[in-house]
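Remarks on the structure that follows.
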Amino acid sequence: MNPIIYHILHISSLLVLFGYTFYAFAAPAESKRRVMMITGIASVLALVGGFGLLAKLQLGFPGWIIVKFVCWLGLSAIAGFAYRKREQSCVFMLLALVLAITAVVMVYVRPF
Ligand code: HEM
C-alpha cells in the first residue's frame, strides 16, 4: 500500500483521538460509552498507521519511535481519566497537550 495512505490514516485518526479526548473533559457522563468507543478505534487506527509507516519507510525501530509509542499510550488513556477524574481536568488536559507535542517533536527532531 502507498505510504501516503498510512500518513493520512495516522494523522486523521490522531486528529479524531485528540479532538474526542478534549471533548471528554466537557461531555456529559452518558456520552462516555460512545466517546470511549470512538477514541479506542481512533487510537488503534493511529497505531496501525504508525506501524504501517515504519514498515513502508523502512525506518527500523529507532529511539524516537519508542518515545512516540509512550506518548500514544498516555494519550489513549486520557479520555477514560477525563470522565473518572473530573476534578483533575486541568492536569490531564495539559498532559494530553504535552504528550501530543512531544510525539510531533520526535518526528521532526529525531534526537535518538
Ligand atoms: C501521540 C501520538 C502521535 C502523534 C501526535 C504523532 C504525530 C505524527 C506526525 C505529526 C507525523 C508527521 C506526519 C507526516 O509527515 O505525514 C508522524 C509521522 C510518523 N509517525 Fe507518528 N504520531 C504519534 C504516534 C506514533 C506511533 C505510536 C508510531 C509508531 C508505532 C508513530 C510512527 C510514525 C512514523 C513512522 C511516522 C513517519 C515518519 C517519517 O515520515 O519519516 N507515530 N506522526
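The values are calculated or read from the model by the stated rules, or taken from the named source; none is laboratory data. Owing to the predicted nature of the structure, the values given are computational and were not obtained by experimental measurement. Note: ideal-geometry Cβ built from the backbone for every residue, glycine included; neighbour counts use all protein chains shown.
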Contact list, first residue from region 37-58 and charged (D, E, K, R), second anywhere and assigned to a helix (DSSP H, G or I), beta-carbon distance below 7 Å, six or more apart or interchain, is 56/3; 56/6
Take region 77-112 and flag every residue that is closer than 12 Å to residue 22 by Cα and polar (S, T, N, Q).
89
Restricting to region 100-112, and then to whatever is farther than 19 Å from residue 40 by Cβ and touching a residue at least 12 places away in the same chain (Cβ under 8 Å), can you tell me which residue is surrounded by the most Cβ atoms within 10 Å (Cβ to Cβ)?
106
When you scan region 19-31, do you find a residue that is among the charged types (D, E, K, R) and touching a residue at least 24 places away in the same chain (Cβ under 8 Å), even just one?
no
All but one of (1) away from the ligand (no atom under 12 Å from the Cβ); (2) under 12 Å from the mean Cα position of the chain (by Cα) hold for residue 82; state the number of the condition that does not hold.
(2)
Evaluate the following for residue 68: is it part of a helix (DSSP H, G or I), on the phi < 0 side of the Ramachandran plot, surrounded by 13 or more Cβ atoms within 10 Å (Cβ to Cβ) and near the ligand (Cβ under 10 Å from one of its atoms)?
yes
Sort through 73, 45, 97, 15 and tell me the only one that's surrounded by fewer than 16 Cβ atoms within 10 Å (Cβ to Cβ) and either at pLDDT below 95 or more than 10 Å from the ligand (Cβ to nearest atom) (or both).
97
Among (1) under 19 Å from residue 87 (Cα atoms); (2) polar (S, T, N, Q); (3) away from the ligand (no atom under 11 Å from the Cβ), which single condition is residue 21 missing?
(3)
Residues of region 68-85 that turn out to be free of Cβ contacts under 8 Å to residues at least 24 places away in the same chain and closer than 24 Å to residue 26 by Cβ, as a count
5
Within region 49-60, track down each residue that is touching a helix residue (DSSP H, G or I) at 6+ places or on another chain (Cβ under 7 Å) and more than 6 Å from the ligand (Cβ to nearest atom).
49, 52, 56
